[in-house]
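J.: What follows is a single structure, and I will ask about it in a moment.
The values are calculated or read from the model by the stated rules, or taken from the named source; none is laboratory data. In this text, all values refer to a predicted model and were calculated from it rather than measured experimentally. All Cβ positions, glycine included, derive from the backbone under ideal geometry; neighbour counts span all protein chains shown.
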Amino acid sequence: MVAYLALEDGTIYRGTSIGVAGETVGEVVFNTAMSGYQEVLTDPSYHRQIVTMTYPQIGNYGINDSDMESAQIQVAGFVVREACRYPSNFTAKMSIEEYLRENRIVAVEGIDTRALTRRIRSQGAMKGIIYTDDFSPGDPVARARAWRGFEGYNAAGSVTCSKAYCWGSENEPANFDKSEHALRVVAMDFGIKYSTLRLLQAQGFDVVVVPAHASVQQIMSYKPDGVFLSNGPGDPAAVSYAVETIKSLLGRPPIFGICLGHQLVCLALGARSYKLKFGHHGANHPVKDLRSGKIEITAQNHGYCIDIDSLAGKGIEITHLNLNDRTCEGIACAQQRTISVQYHPESAPGPHDSRYLFGQFREMINH
């Protein structure tokens, strides 16, 4: 079955469907990771995005049960050069094509992903639509342009949990009583990933996950020793209710934010955000730790960033810097007992260079 990808600038690519028949609209971005496609597909930070994988063959090791980062596929659509029909891995339960169809995802293979990536790099991330040959969307370019986009869209509200729960006891009644010896972290869910929750638990934390819209009173009712602000999709300025909540939490329990959580805590500290031209998406982005001088290879997935100049004069230390474009990748605010990074230290997929940050968070709580 023939499938097409149409961009808002009028460019149309022709390929073959590897998902279900129909159409899907979203923001077209590219991801530079060579592996980890299952984690990419199930990352809530990709809500309403059509993800193009730059590595030419995707699906070599199939789909398994352990690489899920949420309960379902989160991307709006998927674009690859070639999908592997015959995966080679003893853990594989199905091929990527079977997985996409089982989850009712519209996807396309066989287009020139190098040309598409170069266009996004030069023109910026664009609205787009994938549609199949037997489905008539009218004028596809017009339909892509008509999509609202991310500016002002509270995307985090679409992927957050509906109610609070204790991580690790999903099959049991939630027990919110604090253990006598455990440290408790309340994680605000803006699109949190399973790997992040596992790493918090590995630090010995008792983790309570709350929705993005949780109030200060609800969060503090769990008697947290620390508050974690998760990753998530979209425009941080549109999550203004969470910014107000974080403002009220500053200076109380120690705070650790990543990705969207980093942006939200910076907004709460008085900084500004802006949209990047084509975002940072992949598992191979170099970041410099300005305190140690070390270079970390990081996993990233965001379309917005904090204006580094807006951090000046607010008692905020810039701790990490992106070596590709010199954007802010991390901050610390000693007075407010807060640290945050723009990238994904849970590294799923990606190298494990940054997992030490979870230990830093525990040390901050202990002191």
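J.: Filter region 32-72 down to the residues that are part of a strand (DSSP E or B) and over 15 Å from Leu5 (Cβ atoms) and list them by number. Let's see the steps before the verdict.
T.: Narrowing region 32-72 to residues part of a strand (DSSP E or B): 47, 49-53, 57-58, 63.
His47, Gln57, Ile58, Ile63 - these are the residues of region 32-72 that are part of a strand (DSSP E or B) and over 15 Å from Leu5 (Cβ atoms).
J.: Right, Ile96: at pLDDT 95 or above and within 28 Å of Lys277 (Cα to Cα) or not?
T.: no
J.: Do we find a residue being closer than 30 Å to Tyr241 by Cα and more than 23 Å from the chain's Cα centre (by Cα) anywhere in region 103-114? It would help to see each step written out before you state the result.
T.: Our first condition is that a residue be closer than 30 Å to Tyr241 by Cα; within region 103-114, this holds for none.
So far as region 103-114 goes, no, none of its residues is closer than 30 Å to Tyr241 by Cα and more than 23 Å from the chain's Cα centre (by Cα).
J.: Something else now. Restricting region 307-326 to residues that are among the hydrophobic types (A, V, I, L, M, F, W, C) and part of a strand (DSSP E or B), which is farthest from the chain's Cα centre (by Cα)?
T.: So the residue we want is Ile318.
J.: Then there is this: If I filter region 320-360 down to residues being out of contact with any helix residue (DSSP H, G or I) (no Cβ under 9 Å at 6 or more places or on another chain) and charged (D, E, K, R), which single residue comes out as surrounded by the fewest Cβ atoms within 10 Å (Cβ to Cβ)?
T.: Within region 320-360, the first condition is being out of contact with any helix residue (DSSP H, G or I) (no Cβ under 9 Å at 6 or more places or on another chain), and the residues that meet it are 320, 322-325, 332, 334-335, 351-354, 356-357, 359-360.
Filter once more, keeping what is charged (D, E, K, R): 325, 353.
Values: Asp325: 11, Asp353: 19.
Ranking the qualifying residues of region 320-360, first place goes to Asp325.
J.: May I ask you to list pairs of residues, at least six apart or on different chains, whose Cβ atoms are under 7 Å apart, with the first in region 62-87 being in contact (Cβ under 8 Å) with a residue 60 or more places away in the chain and the second being of a type in the set (Phe, Trp, Tyr)?
T.: Cβ pairs passing all conditions: Met68/Tyr194; Glu69/Tyr194; Ser70/Tyr194; Gln74/Tyr46.
J.: Which one of these is free of Cβ contacts under 8 Å to residues at least 12 places away in the same chain and either touching a Lys or Arg at 6+ places or on another chain (Cβ under 6 Å) or within 25 Å of Glu39 (Cβ to Cβ) (or both): His344, His352, His302, His320? Break it down stepwise before answering.
T.: Numbers: His344 fails: free of Cβ contacts under 8 Å to residues at least 12 places away in the same chain; His302 fails: free of Cβ contacts under 8 Å to residues at least 12 places away in the same chain; His320 fails: free of Cβ contacts under 8 Å to residues at least 12 places away in the same chain.
It is His352.
J.: Restricting to region 121-131, and then to whatever is crowded, with 22+ Cβ neighbours inside 10 Å and of a type outside the set (D, E, K, R), can you tell me which residue is nearest to His281 (Cα to Cα)?
T.: By that ranking, first place goes to Ala125.
J.: Just checking, does region 114-128 include any residue being closer than 22 Å to Gly59 by Cβ, at pLDDT 95 or above and either of a type in the set (Phe, Trp, Tyr) or out of contact with any strand residue (DSSP E or B) (no Cβ under 6 Å at 6 or more places or on another chain) (or both)?
T.: The answer is yes; a qualifying residue exists.
J.: Could you list all residues from region 14-23 that are assigned to a strand (DSSP E or B) and crowded, with 21+ Cβ neighbours inside 10 Å?
T.: If the condition is that a residue be assigned to a strand (DSSP E or B) and crowded, with 21+ Cβ neighbours inside 10 Å, then Ser17 is the only one that fits.
J.: Turning to a different aspect of this structure: Does region 214-247 hold any residues that are polar (S, T, N, Q) and free of Cβ contacts under 8 Å to residues at least 60 places away in the same chain, and which are they?
T.: Matches in region 214-247: Ser215, Gln217, Gln218, Ser221, Ser230, Ser240, Thr245.
J.: I'd like to know if region 330-339 contains one or more residues that are in contact with a strand residue (DSSP E or B) (Cβ under 8 Å, 6 or more places away or on another chain), basic (Lys, Arg) and modelled with pLDDT of 95 or more. Even if it seems obvious, please write down each step before you answer.
T.: Initial filter on region 330-339 (in contact with a strand residue (DSSP E or B) (Cβ under 8 Å, 6 or more places away or on another chain)): 330-334, 336-339.
So of that shortlist, the ones also basic (Lys, Arg) come out as 337.
Those still in the list that are modelled with pLDDT of 95 or more too: 337.
Looking for residues that are in contact with a strand residue (DSSP E or B) (Cβ under 8 Å, 6 or more places away or on another chain), basic (Lys, Arg) and modelled with pLDDT of 95 or more, one finds at least one in region 330-339, hence yes.
J.: Here's a check for you: in region 40-98, which residue that is touching a strand residue (DSSP E or B) at 6+ places or on another chain (Cβ under 9 Å) and basic (Lys, Arg) is surrounded by the most Cβ atoms within 10 Å (Cβ to Cβ)?
T.: Only one residue tops the list, namely Arg48.
J.: Against the conditions (1) in contact (Cβ under 8 Å) with a residue 60 or more places away in the chain; (2) more than 21 Å from Gly350 (Cβ to Cβ), where does Glu98 fall short? Just the number, please.
T.: Tallying (1) in contact (Cβ under 8 Å) with a residue 60 or more places away in the chain; (2) more than 21 Å from Gly350 (Cβ to Cβ), Glu98 fails exactly one: (1).
J.: Can you tell me how many residues within region 341-363 are of a type in the set (A, V, I, L, M, F, W, C) and either within 16 Å of the chain's Cα centre (by Cα) or not assigned by TED's automatic domain parsing to the domain that holds Gly303 (or both)?
T.: Residues that pass the stated criteria total 2.
J.: Does Tyr304 meet the test of being hydroxyl-bearing (Ser, Thr, Tyr) and in a strand (DSSP E or B)? First the steps, then the outcome.
T.: Values: hydroxyl-bearing (Ser, Thr, Tyr): yes; in a strand (DSSP E or B): yes.
It is true that Tyr304 is hydroxyl-bearing (Ser, Thr, Tyr) and in a strand (DSSP E or B).
J.: While we're here: Please pick out the residue among Gly10, Gly36 that is farther than 24 Å from Ala348 by Cβ and among the small types (Gly, Ala, Ser).
T.: Answer to the check: Gly10.
J.: Here is a follow-up. If a residue must be in a strand (DSSP E or B), β-branched (Val, Ile, Thr) and under 27 Å from the mean Cα position of the chain (by Cα), how many such residues does region 118-141 contain?
T.: Number satisfying all stated conditions: 2.
J.: Among Ile295, Ile308, which is the only one that is surrounded by fewer than 20 Cβ atoms within 10 Å (Cβ to Cβ), outside the structural domain of Tyr46 (by TED's automatic domain parsing), touching a Leu at 6+ places or on another chain (Cβ under 9 Å) and without any contact (Cβ under 8 Å) to a residue 24 or more places away in the chain?
T.: Ile308 is the lone residue from the list that is surrounded by fewer than 20 Cβ atoms within 10 Å (Cβ to Cβ), outside the structural domain of Tyr46 (by TED's automatic domain parsing), touching a Leu at 6+ places or on another chain (Cβ under 9 Å) and without any contact (Cβ under 8 Å) to a residue 24 or more places away in the chain.
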